[in-house]
Amino acid sequence: MSAEDIIEDQFQILQEETAKAMEQVQAYQHKMMTPVWEKRREIVKNIPNFWGQAIRNHPFFAATLSENDAKALDYLTDFHVEYDEANPKRCKVTATFKENDIFKNKTLTKEVIIDPEEGGTIVSKSTIEYHGEKSKKRKADEDDELENYSAIEWFGDDTIEAGILLIDDIFPDAFEYYTGNDQEEGEEEEEE
């Protein structure tokens, strides 16, 4: 075995140790933040359209939301991510809606396992029951240009990417997205 192979093996071992440590940190963070997120959940129940506005203000969704999504987000009353204590990469995302004329579901859920290297795995997902003609939904596929992307259809489709933004960006930093403060920070960084 060459010296280069030995070094490569050592780096591989370090990468595996790093990944395991990061997973433990993530599990600890979720455990510590869960009570904070529950308090926030109670507070934002009193703020009309909090979650809809937070999602609309995210740069990706601001640029790509479908017309149906923009309308559906007006009915979003709760958005929650529940992390699996045993596997921090696994989570259940739940969106709760007021009665609306777009779809019949009151709750949409999707359970995923997010793997930074492989994208992820869908464990379970909702079947969205659209009202009448509203069922003309965009078919999500990996070659899409993401124009008129549907955050709502993410709950029923076979993609992971938008969910990563909902789970890792919007959910933990909801207040910043709701107020638009996160966009101002991004603009300041670009100016520097």
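Report, by chain and number, residues whose modeled amide H sits under 5 Å from the one on Lys125, excluding near sequence neighbours (fewer than 5 apart, same chain). Hits under the 5 Å cutoff: Glu111. Counted by neighbouring Cβ atoms within 10 Å, the residues Thr121, Thr96 run from fewest to most as Thr121, Thr96. With the dipole of the range 14-72 worked out from charges on the C-beta (+1 for Lys and Arg, -1 for Asp and Glu) around the Cα centre, which of Ala62, Val25, Gly52 lies farthest toward the positive end? Of the options given, the answer is Gly52. Using the Karplus relation 6.51 cos²θ - 1.76 cosθ + 1.60 with θ = phi - 60°, the per-residue 3J(HN,Hα) values for the range 54-64 come to 4, 5, 4, 7, 5, x, 5, 6, 4, 8, 10 Hz, with x marking Gly and Pro.
Treat the count of other C-beta atoms within 10 Å as a stand-in for reagent exposure and order Glu153, Glu161, Glu111 from fewest to most. Intermediate results must be reported in sequence, preceding the final value.
Details: Glu153 22, Glu161 14, Glu111 17.
With the sparsest Cβ surroundings first, the list reads Glu161, Glu111, Glu153.
Would you mind checking the pairs Lys39/Lys106; Lys20/Lys71; Lys20/Lys106; Lys71/Lys110; Lys20/Lys45 and listing those with alpha carbons more than 32 angstrom apart? Beyond 32 Å between Cα atoms: Lys20/Lys71; Lys20/Lys106; Lys20/Lys45. Put the Cα centre of the range 79-111 next to the Cα centre of the range 1-42 and the gap is 25 Å.
Values quoted throughout were computed directly from the atomic coordinates according to the rules given, and no laboratory measurement underlies them. Predicted model only: the values in this text are computed from it and were never measured. Positions of Cβ are backbone-derived with ideal geometry, glycine not excepted, and every protein chain shown enters the neighbour counts.
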